[in-house]
Structures are given as structure tokens and as C-alpha cells.
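Notes to accompany the following structure.
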Amino acid sequence: DNDWVSVAGEGRAGVGSCVRVADSGTGNRVMTGPDGVRWTSRSSAADNDWTSVAWGGPAGAETFVAVAYSGTGNRVMTSPDGVTWTLQTSAADNNWVSVTWGGPAGSEKFVAVAYSGTGNRVMTSP
């Protein structure tokens, strides 16, 4: 009964997994699935309001990155497989609403944007 707000798929050949994140629920604000039909509940790194998830990173070191609307100093979490999540320090405790991966070849970055907050409302990470 969570409010599932974002989904991302990983693109590694033969691995393929989808990850969903939710902005509500207790402890199970992540789901993974191999095909977009069958889903397994997973524990998020914190019970934050996770608003967006993306998959990307340098070749061979790809990861899922999720951003949250709530939390204190921990509004980013990462996972190599969508199952095990690690909290990361966000650039600011802004209301992060979207994250994506991209950019010119060789200079790609994760880029997150915030709906509101203090200072810059954009954060990037290679």
C-alpha cells in the first residue's frame, strides 16, 4: 500500500532488474523485479520519502541512486543491485524530487534536482 513514485531499470545484458522506490511505507520503500510484473519488497536504507531512482555510473561500476524529499543529511542512497542500500550524504537537506544519469561521453554524471530548499537546488555526482 505504498505510494510508488519512481522506477528504473538496469541495462546490463543478462542481469536486468527493475527497482521501484516509494515515498511512504515503513522499512519496505523499495521493490525489485526481474520483468516489471513480479516484485519483491526490499528494505530501504532509511524511511525517507524516496522520490526518484536512476541507474547509471561508469562502465563496470554502475549503481542505482535514489533521492529523497525528507531526511537529515541522508537524502541519497545507493545500491549495486537494488537489494542492499547504503545511505550517502546529500549536498543539502533540500526536497530532492528527481535524479538521472547522463551527459557527454566520458563526462557523464548523476544529476538531482530539488523542488525546494536552501542554496543550490541541483547536485551532481560522477
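Worth a mention:
Here is a yes/no grid of residues against (1) within 23 Å of residue 30 (Cα to Cα); (2) more than 12 Å from the chain's Cα centre (by Cα); (3) not acidic (Asp, Glu):
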{"position": "72", "(1), (2), (3)": "yes, yes, yes"}
{"position": "76", "(1), (2), (3)": "yes, no, yes"}
{"position": "80", "(1), (2), (3)": "yes, no, yes"}
{"position": "87", "(1), (2), (3)": "yes, no, yes"}
{"position": "97", "(1), (2), (3)": "yes, no, yes"}
{"position": "106", "(1), (2), (3)": "no, yes, yes"}
{"position": "114", "(1), (2), (3)": "yes, yes, yes"}
{"position": "122", "(1), (2), (3)": "no, yes, yes"}
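- Of all residues in segment 17-40, those being open to solvent by 30 Å² or more (accessible area, probe 1.4 Å) and either within 22 Å of residue 88 (Cβ to Cβ) or assigned to a loop (DSSP other than H, G, I, E, B) (or both) number 11.
- Per-region count, segment 41-55, residues assigned to a strand (DSSP E or B) and surrounded by 20 or more Cβ atoms within 10 Å (Cβ to Cβ): 7
- Residues that are open to solvent by 30 Å² or more (accessible area, probe 1.4 Å) and small (Gly, Ala, Ser) within segment 74-101 comprise 91, 98, listed in sequence order.
- From the options 73, 56, 102, residue that is more than 18 Å from residue 3 (Cα to Cα) and touching a Phe, Trp or Tyr at 6+ places or on another chain (Cβ under 8 Å): 56
The values are calculated or read from the model by the stated rules, or taken from the named source; none is laboratory data. Remember, it's a predicted structure, so these values are computed and weren't measured experimentally. No Cβ is skipped: glycine too gets one built from the backbone with ideal geometry, and neighbour counts run over all protein chains shown. Note: accessible area is taken over every heavy atom of the protein model, side chains too, but ligands, DNA and RNA are not part of it. Shrake-Rupley method; radii C 1.70, N 1.55, O 1.52, S 1.80 Å.
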